[in-house]
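Following: one structure in structure tokens, then a few remarks.
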Amino acid sequence: MCNMTFEENSGENSSERMETVAKALEEVLSSALPQGCITVGVYEAAKSLNVDPDNVVLCLLATDEEEDVALQIHFTLIQAFCCENDINILRVSNMRRLAEILGGVKPGGEPMDLHCVLVTNPQSSQWKDPALSKVNRFCRDSRCLDQWVPVINLPDR
């Protein structure tokens, strides 16, 4: 059900709203990381989605400047799976900022594949995070406007 006000629909506050959602997304990632609720990498995400899709609360697909056909095929498949399983999806620009938020490097010193990031529920309970609620609401409202995979730009700090 779509309950958007005229102001939200007209785009008058869209840049302010995008900034709010970007900040909420940063909060979600920052709080999920120490809880072990982040899966990074296209292949790791695909495995996780296949094993336990009900545990995934958000899927991020990060873009950079280069166009990789194989990556776009993976994105299409992941998007279709997420839509089929009612998992919210966001396209994120500014991979450098995403790497800063998530640490950017695996323990062995190699860079992480941040093209696909999943946020999952902690094993102990259903996660109730106000920032996650904002991001989920934004995704739901975007679907009402036929934007099935909205794009968020993470601002530099």
So Ala80, is it open to solvent by 30 Å² or more (accessible area, probe 1.4 Å), among the small types (Gly, Ala, Ser), within 18 Å of Tyr43 (Cβ to Cβ) and modelled with pLDDT of 90 or more: yes
The stretch 32-72 - residue that is assigned to a helix (DSSP H, G or I) and at pLDDT below 90 and, of those, most open to solvent (accessible area, probe 1.4 Å): Val69
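The values are calculated or read from the model by the stated rules, or taken from the named source; none is laboratory data. The structure displayed is predicted, hence computed values, not measured ones. Please note: Cβ atoms are built from the backbone with ideal geometry, for glycine as well, and neighbour counts cover all protein chains shown. The protein model used for the area step is the full one, side chains on, heavy atoms only, and it has no ligands, DNA or RNA in it. Shrake-Rupley method; radii C 1.70, N 1.55, O 1.52, S 1.80 Å.
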